[in-house]
Each structure stands twice: as structure tokens, then as C-alpha cells.
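Step one of this worksheet: look at the structure below.
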Amino acid sequence: MTATSGPRTELVSVTKARRRPGNTLVRVSEVILVVLVLAAVLANVISPYPADALGAVNPVAALQPPSSAHWLGTDQVGRDVLTRVIFGARTSLGIVVAVLALAVVIGVTLGVIAGYFGGWLRDIIMRLTDVFLAFPSMLLALALVLVLRPSLQTAVLAIALTWWPWYTRLSAGVATAISSRTYMDATRALGVSPVRAIVRHVLPNSLTPVLVQLSLDAGGVILTAASLSFLGLGAQEPVPEWGLMVSQGMTLFTTDWWVALFPGLAILLTAFSFNMLGEGLRSALDPRRRAL
């Protein structure tokens, strides 16, 4: 019994780890995100009324409750809510990709430069980062959108300009730690150019924490973009965007609840799924969490 207790105990612990509620939530979140991505890609095919996402109106069918003809009902101008929610997935996921791509390109580039070279260059970059971080991201995004013309493109740019400092701080810390290692001293002694050293050694080692941060930030981007559209500073009609749809249906919630409820649920499920995916990646890629 004593000889087999170790392996059995380890097997039981692994089984329990696989059955943790957190792991189940991560799997459910992955399924939700896969469905959302497929819906966004196949929106033209699976939507019952694709024209309703492109500005078509049908006043005769305005504010119809959920039925076999319109599973999620219709809005104020007779557009199918299900169709607009599906196309809203394409809009929202497109915003996430665009914002995080811009934020990563700007933030990681500046962070790696600051961490690798250090000195006065690091001081300048990090002080600029501190200036942006001194303001709440939502407040700064609102200010930028108000200065520019409210639109979906402006919202993407404004959110990206408030998001890059986090990636600068993250990548600067990783780049500083990598640059101080012995093999990096060897590359300098061999005369390897800074650009090649950064591309071959610093950037690949910075991808793991950046990937985890991306998955965690995606939900925040969804909420920020929806908030801007809700306030009339993001997507504009007739673009199908969840925050804009919630804003249009708020005044009708007590009577025609479906107009605001279903896009609101889409925002909630998407943000929650991205957050759970981020937590799952953090646990999977962090050795200290795997050991628990």
C-alpha cells in the first residue's frame, strides 16, 4: 500500500485538477468564443435577414416580440435583432483585433527598446508611459473621441492610444530581465546588431506574458467600445454594434425589452469568456500556478 500511495495520490490530484470548476468555465468560454468567431465569419450566411445589418428598414414590422419569424424580435425600425447581434459580433471582434494589434505594435516596440537599451532612452519612454497611465483609460478615450469626429474608426484609435502603455510596461520589464542575462552579453561581445538581438532573443521571450495580457484585455476592449457607442461616441448608425443597440433600446426596456436585452447579453458573455480564457492561459503558462 505504501509503495503505490504516491502514484495513486498524484493521479487523484491530476483528476481533481481537471474537474476544477475553473477549468470547466474555461472550456465553456472557449466554446462561446469559437461560436462567436464562426458567427462573425459566417454572418452573411447564417443571418436570417442580412439586409437588416446594412441599413434596411421595415417600419411595418417594428418592435415585434420574439417569434418564429424573428427569434429575438425586431427593433424600432423593424430590423431583425438576431441578425444585428450576429453582425455585431463581427463588429465587436473586429474592434478587439484592431485595438489590440495597434496597442501591441506600439507598446511592445517601445517597451522592448526601453528594456534593451536602458539609460536615458528608457527614462523618456517610461515617463511618457506614466503620463498616459496617470489618466483613467475610459476618461482619456472619451477626451480623444470628443476632440475627433465620433465614429467607429475614431473609437478604435482612441482605445488603442489608451491601451498601449500597459504593454510598454510589461514588455520593458521582460526585456530588461532578458538583456541582463549572460547569453545577451555574449551576443554583444560577438558584435550582433541590436536589431537582430531584439528580434532573435528579446521578442520571442516576451510573447508569453503579452499573449496572456491580450486575452485578459480583450474583454475590457469590448466593454470600452460598447460604452463609447452607448454614449454616442463610437459606432454610428447603421453599423450593427452591441453598445449602440443597447443605447437605442434602453428607453424601450420596460415595454420592448428584447431590443436592449440580447445585445447586452452578448456583451456580457463575450467579455466574461475573454476574461476566463485569459485566466486559463495564465494558469496554463505560469509554472507557479501549475504547481498548485
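Quick notes on this structure:
- Net charge in the neighbourhood of Ala155 (other residues with Cβ under 13 Å of its Cβ; Lys, Arg +1, Asp, Glu -1) is 0.
- When the square roots of the Cα gyration tensor eigenvalues are ordered a ≥ b ≥ c, the ratio a/c for the range 92-292 is 1.5 or more and a/b exceeds b/c, which makes its shape prolate.
- Of the residues Ser137, Ser193, Ser171, the one with the fewest other Cβ atoms within 10 Å heads the list, and the complete ranking is Ser193, Ser137, Ser171.
- Close amide H contacts of Val57 (hydrogens built in the peptide plane, cut-off under 5 Å, sequence separation of 5 or more or a different chain): none are found.
- Positive-end extreme of charge dipole, the chain - chosen from Ala197, Tyr183, Ala114 (charges on Cβ): Tyr183
- Extending 7 Å from the Cα toward the beta-carbon at both Val34 and Val131 defines two label points whose distance is 4.6 nm.
- The phi torsions of the range 52-67, fed into the Karplus equation with coefficients 6.51, -1.76 and 1.60 and a -60° offset, translate into couplings of 5, 8, 10, x, 5, 10, 9, x, 5, 9, 5, 6, 7, x, x, 8 Hz, rounded to whole numbers, with Gly and Pro shown as x.
- Per-residue Cβ neighbour rank within 10 angstrom, fewest leading, His201, His70: His201, His70
- Cα-based helix-to-principal-axis angle, 152-179 vs the chain, degrees rounded to 10: 20 degrees
- For the chain, the residue among Val156, Val77, Tyr167 whose Cα projects farthest onto the positive side of the dipole built from Cβ charges is Tyr167.
- The residues neighbouring Gln76, those whose beta-carbon lies less than 14 Å from its own, together hold a net charge of -3 under the Lys/Arg +1, Asp/Glu -1 convention.
- Couplings 3J(HN,Hα) of the range 246-255, computed from phi: 5, 4, 5, x, 5, 5, 9, 4, 6, 10 Hz, in residue order, whole Hz [Karplus 6.51 cos²θ - 1.76 cosθ + 1.60, θ = phi - 60°; x for Gly and Pro].
- Cut-off under 5 Å, modelled amide H: who pairs with Thr74 long-range: Leu63, Gln64, Val81
- A simple rule links phi to the HN-Hα coupling: the Karplus curve 6.51 cos²θ - 1.76 cosθ + 1.60 with θ = phi - 60°, which for the range 230-241 gives 4, 7, x, 10, x, 4, 10, 4, x, 4, x, 9 Hz, with x for Gly and Pro.
- Inter-site label distance for Arg196 and Asp123 at 7 Å from Cα along Cβ, in nm: 3.2 nm
- Student exercise, the chain dipole from Lys, Arg, Asp, Glu Cβ charges, in Debye to nearest 20: 1260 debye
- Our summary gives the chain a relative contact order of 22 percent, counting only alpha carbon pairs under 8 angstrom and 6 or more residues apart.
Read the figures in this text as sums done on the coordinates, not as results from a lab. Not measured: the values here are computed from a predicted model. Don't worry about glycine lacking a Cβ; one is built from the backbone with ideal geometry, like all the others, and counts go over all protein chains shown.
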